[in-house]
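K.L.:
My questions all concern the structure below.
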Amino acid sequence: MKVNTLAASLLGLTLAPLVWAADPFVVKDIRVEGLQRTEPGTVFNYLPIKVGDTFNDNNAEQAVKALFATGFFTDVRLESEGNVLIVAVAERPVISELTLNGAKEFDSKQLKKALKDNGLSESRVFDQAVLEQATQELKRQYYSRGKYAVEITPTLTKLERNRVAVTLDINEGAAARIKQIKVVGAKAVKEADLLDEFAQTTSGWLTWLTRDDQYSKQKLQGDLERLRSYYLNRGYFEFAIDSTQVAISPDKRDVYLTINITEGDKYTVSDVRFAGDLIVPETELRPLVLVKAGDTFTRDKLNESVSAISDRLGNNGYAFANVNAVPEVNKDKHEVAFTFFVDPGRRVYVRRINVAGNTRTRDEVVRREMRQMEGGWYDNQKIKRGKERLDLLGYFTDINVETPAVTDTPDQIDVNVSVTEKPTGSVTLGAGFSQDNGFALSASISQSNFFGSGKAVTAGFNTDKVNQYYNLSFTDPYFTVDGVSLGYDLYRKSFNPSATNTGQYKTKTDGVAVRSSVPISEFDRINFGLKMERTELTLMTDSPKRYQDFVKEYGNINSTLQATASWARDTRDSALWPTKGFVVRTGLEAALPGGDIQFYRASASNQWYYPLTKSLTISLRGELGLVNAWSTRNLPFYEYFYIGGMGSVRGYKGGSLGPKDENNDAYGGTRKAVANAEILFPFPGMRDDKTLRLSAFFDAGSVYGGQYSVGTTWQNNLRYSTGLGLAWLSPLGPMRFSFAQPIGNKPSDRIERFQFTLGTTF
């Protein structure tokens, strides 16, 4: 039986021409030889020649090319036996094992994923070219970490059944460190000031942790943009980066960066004009422009002005408004004038609001916080406010709002709200430490988004040496469609300051309460409440005389009927990490006639956030309180204010500040004043991390007044502290740490420099 070779390939090097040409013939059958794993149907699917076709030189070459293009074969031959076409193939081996040795810088799973994305993984057909490509990609991964001396040696081991084992031996080598950064051409600005703006730096005492001294091309691009922004925000309109050189030492351990710049001259703004279709009057647009005639040119202010004008047009429904600031440069006078060209485009309406990512939270919980209505015209301000309200719920770690245009409808858009949920149930642990009392712990359990309904349920306890609190509460934030909330509380609380020698008494209080909150504006709410309490007072054998006198006059069991009213305004941009806005609260609580004791309590607090830079935020907080009897002759001593510790003046033991009795326990006071100032900033080397934040703080506070502190003033009881704080949204929940140094403390003060709270979520 004669077999003719009609066409062949030279083992993957090239497609061979016909070895010898045969007379064309009609294919009556096709037979495939050499297959081990590949199904014959796969070959027939890619083969352009079918039974009944006329076989010739052209389609023979096309057939070989098509089969090679699959990547399954190392050799393809076409032969004939009469009118039977024989396709003889040699399959590529399959990768049975992929092993990485010596990988320390990266997790092996991460590296295998990178290799898989480049076509190299177990169960795939082995291709030498793919192996080389994947090896180069692996090297690039190491280069991004400054590992320029990395060596990767691939080893192939042939196995039975046409399989291979691929082993990559990795010698990571030492990381290359930035040895020097030079900015050539800086004349008006000191080079050291420019280098302070860079994220990358030369080796220092903290770079072993932050790795800021490891060269990265991506980081370099960011540093170049920071350099450009530095000059453009200081008037250097013609600033340019001419070139950038990156040199690596022969041993691949040191990196040298050289950046060549041209500063140019400093420019001032000569004029600001408007042109185009001014849908919004110029009198409303001009206050939005932050660059003024006579000011030094600042690029950030120019960009903010363009953004503010676009947002203002967006509030009127012009979602796709185009605003461009066109410069007119006078090089002789070093002046630049800007003309803001305004093209509002079409007024746009919202077709539909789509919610995604909420696997637990119901759609209605998200939708009711949106201020943009379906069918209404697009309002940029309302959409931003809706996003802020969703953030303030505390249900989501990330909220993304997009406004894509509706296909083939130029005047409609959709609002797509994508959320990433976070655990809203919490088991919170609190801890403190002092030289006298060691550690104290507390715990509570709650669910702020019960079954995804937006309702809050708390059932649990909070207990430590001093406090015990058992409660069952329920809150419906949307008891009415207008946002009026309604809540109920059932609780028992015990207070035992004798456990820490801060007071020789114990109280146990049982209570039931109902409360409601009414929104009066987008940012304001009025709150009302009514509660009934029964308090049992227990004295110690060594309790001070004032405690004993109170029991003699009012007994050790007292009941009160208390009404509360308060107002709150919250304009913060985030509940977790606010950077701007404020929250202010004022309240009045009164124990009404019908109870055994009548008193009133008034309080006011305000916390204000302001961004100093993109990474620095200042926080200022103030709190005032006043409590006094109004029908009862004496105010119960356990209703007094007490300060000290986390939340008031850090560095002092909780509740220990103020006038002291003969046992050195705090009397408390009928008046309190607390002030805190903090500079919030990211952890070094983790500028973009939203879970970790440092602070430098200054606290001040005083508690005074009352029948037990006659003769003392608020100045006598004023205490200060300063220190550092750390807040971390850990996988276990929120954690806060502080280390404080008391200022102006007295020998009788109880110092507690290190304080912290811990928590977890479920």
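The values are calculated or read from the model by the stated rules, or taken from the named source; none is laboratory data. Small disclaimer: the values here were computed from a predicted structure and weren't measured. Cβ atoms come from the backbone with ideal geometry, glycine included; neighbour counts cover every protein chain shown.
K.L.:
Name the residue that is surrounded by the most Cβ atoms within 10 Å (Cβ to Cβ), counting only residues in the range 144-179 that are free of Cβ contacts under 8 Å to residues at least 24 places away in the same chain and under 38 Å from the mean Cα position of the chain (by Cα).
P.N.:
The extreme case among them is 150.
One line per residue, one yes/no per condition, for (1) under 29 Å from residue 484 (Cβ atoms); (2) in contact with a Ser or Thr (Cβ under 8 Å, 6 or more places away or on another chain):
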{"residue": "315", "(1), (2)": "yes, no"}
{"residue": "352", "(1), (2)": "yes, no"}
{"residue": "361", "(1), (2)": "yes, no"}
{"residue": "365", "(1), (2)": "yes, yes"}
{"residue": "369", "(1), (2)": "yes, no"}
{"residue": "381", "(1), (2)": "yes, no"}
{"residue": "391", "(1), (2)": "yes, yes"}
{"residue": "400", "(1), (2)": "no, yes"}
{"residue": "403", "(1), (2)": "no, no"}
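K.L.:
Could you check residue 69 against (1) modelled with pLDDT of 85 or more; (2) among the aliphatic types (A, V, I, L, M); (3) surrounded by fewer than 16 Cβ atoms within 10 Å (Cβ to Cβ) and say which number it fails?
P.N.:
Exception for residue 69: condition (1).
K.L.:
Here is a follow-up. With respect to residue 307, determine if the residue is assigned to a helix (DSSP H, G or I) and among the small types (Gly, Ala, Ser).
P.N.:
Taking the combined requirement at face value, the residue satisfies it.
K.L.:
Take the residues of the range 596-625 that are among the small types (Gly, Ala, Ser) and without any contact (Cβ under 8 Å) to a residue 60 or more places away in the chain: which is surrounded by the fewest Cβ atoms within 10 Å (Cβ to Cβ)?
P.N.:
Within the range 596-625, the match that is surrounded by the fewest Cβ atoms within 10 Å (Cβ to Cβ) is 602.
K.L.:
State the number of residues belonging to the range 645-674 that are touching a residue at least 60 places away in the same chain (Cβ under 8 Å), under 38 Å from the mean Cα position of the chain (by Cα) and either within 29 Å of residue 555 (Cβ to Cβ) or crowded, with 21+ Cβ neighbours inside 10 Å (or both).
P.N.:
Number satisfying all stated conditions: 10.
Listed here are the residues, each with its yes/no results for (1) at pLDDT below 85; (2) of a type in the set (Lys, Arg); (3) out of contact with any Asp or Glu (no Cβ under 7 Å at 6 or more places or on another chain).
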position	(1), (2), (3)
107	yes, no, yes
112	yes, yes, yes
128	yes, no, yes
132	no, no, yes
135	no, no, yes
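K.L.:
Taking only the range 498-521 into account, find how many residues are modelled with pLDDT under 80, surrounded by 16 or more Cβ atoms within 10 Å (Cβ to Cβ) and polar (S, T, N, Q).
P.N.:
Selection size over the range 498-521: 4.
K.L.:
Taking into account only those residues within the range 442-480 that are modelled with pLDDT of 75 or more and among the charged types (D, E, K, R), which is farthest from the chain's Cα centre (by Cα)?
P.N.:
So the residue we want is 476.
K.L.:
Among the residues of the range 630-640, is any surrounded by 17 or more Cβ atoms within 10 Å (Cβ to Cβ), in a loop (DSSP other than H, G, I, E, B) and hydrophobic (A, V, I, L, M, F, W, C)?
P.N.:
Yes.
K.L.:
For the range 376-407: of the residues being out of contact with any strand residue (DSSP E or B) (no Cβ under 7 Å at 6 or more places or on another chain) and assigned to a loop (DSSP other than H, G, I, E, B), which is farthest from residue 576 (Cα to Cα)?
P.N.:
By that ranking, first place goes to 407.
K.L.:
Cβ-Cβ under 7 Å, sequence separation 6+ or interchain: first residue in the range 239-266 and free of Cβ contacts under 8 Å to residues at least 60 places away in the same chain and on the phi > 0 side of the Ramachandran plot, partner hydrophobic (A, V, I, L, M, F, W, C) and outside any strand (DSSP E or B). Which pairs?
P.N.:
264/237; 264/239
K.L.:
Scan the range 220-233 for residues that are among the basic types (Lys, Arg) and surrounded by 16 or more Cβ atoms within 10 Å (Cβ to Cβ) and jot them down.
P.N.:
Hit for the range 220-233 is 228, nothing else.
K.L.:
Turning to a different aspect of this structure: Could you pull out the residue among 711, 685 that is more than 25 Å from residue 495 (Cβ to Cβ), modelled with pLDDT under 85 and under 24 Å from the mean Cα position of the chain (by Cα)?
P.N.:
Being more than 25 Å from residue 495 (Cβ to Cβ), modelled with pLDDT under 85 and under 24 Å from the mean Cα position of the chain (by Cα) holds for just one of 711, 685, which is 685.
K.L.:
Select from the range 522-574 the residues that are of a type in the set (Val, Ile, Thr) and more than 29 Å from residue 473 (Cβ to Cβ) and write down the one among them that is modelled with the lowest pLDDT.
P.N.:
Filtering the range 522-574 for residues that are of a type in the set (Val, Ile, Thr) and more than 29 Å from residue 473 (Cβ to Cβ), the one modelled with the lowest pLDDT comes out as 541.
K.L.:
Within the range 355-375, take every residue that is part of a loop (DSSP other than H, G, I, E, B) and of a type in the set (Lys, Arg) and give me the one that is nearest to the chain's Cα centre (by Cα).
P.N.:
For the range 355-375, the residue satisfying everything is 360.
K.L.:
Okay, moving on. Out of the residues in the range 449-474 that are touching a residue at least 40 places away in the same chain (Cβ under 8 Å) and of a type in the set (S, T, N, Q), which is nearest to residue 364 (Cα to Cα)?
P.N.:
Out of the qualifying residues, it is 453.
K.L.:
Considering only residues that are closer than 30 Å to residue 518 by Cα and of a type in the set (D, E, K, R), which ones fall in the range 539-564?
P.N.:
Of everything in the range 539-564, nothing turns out to be closer than 30 Å to residue 518 by Cα and of a type in the set (D, E, K, R).
K.L.:
Applying the selection to the range 47-56, what residues are loosely packed, with under 14 Cβ neighbours inside 10 Å and either among the β-branched types (Val, Ile, Thr) or under 19 Å from residue 89 (Cα atoms) (or both)?
P.N.:
Matches in the range 47-56: 48, 50, 51, 54.
K.L.:
For the range 25-46, what are the residues that are surrounded by 11 or more Cβ atoms within 10 Å (Cβ to Cβ), outside any strand (DSSP E or B) and modelled with pLDDT of 80 or more?
P.N.:
27, 28, 40, 43, 44, 46
K.L.:
Let me ask another. Among the candidates 312, 346, 299, single out the residue that is among the basic types (Lys, Arg) and either in the same structural domain as residue 400 (by TED's automatic domain parsing) or over 33 Å from the mean Cα position of the chain (by Cα) (or both).
P.N.:
Only one candidate passes the filter, namely 346.
K.L.:
Can you find, within the range 565-586, the residue that is surrounded by the most Cβ atoms within 10 Å (Cβ to Cβ) among those that are among the polar types (S, T, N, Q) and closer than 26 Å to residue 514 by Cα?
P.N.:
This residue is 566.
K.L.:
A further question on this structure: Which one is farthest from residue 391 (Cα to Cα), of the residues in the range 348-370 that are in contact with an Asp or Glu (Cβ under 8 Å, 6 or more places away or on another chain) and among the basic types (Lys, Arg)?
P.N.:
Restricting to residues being in contact with an Asp or Glu (Cβ under 8 Å, 6 or more places away or on another chain) and among the basic types (Lys, Arg), the top hit is 351.
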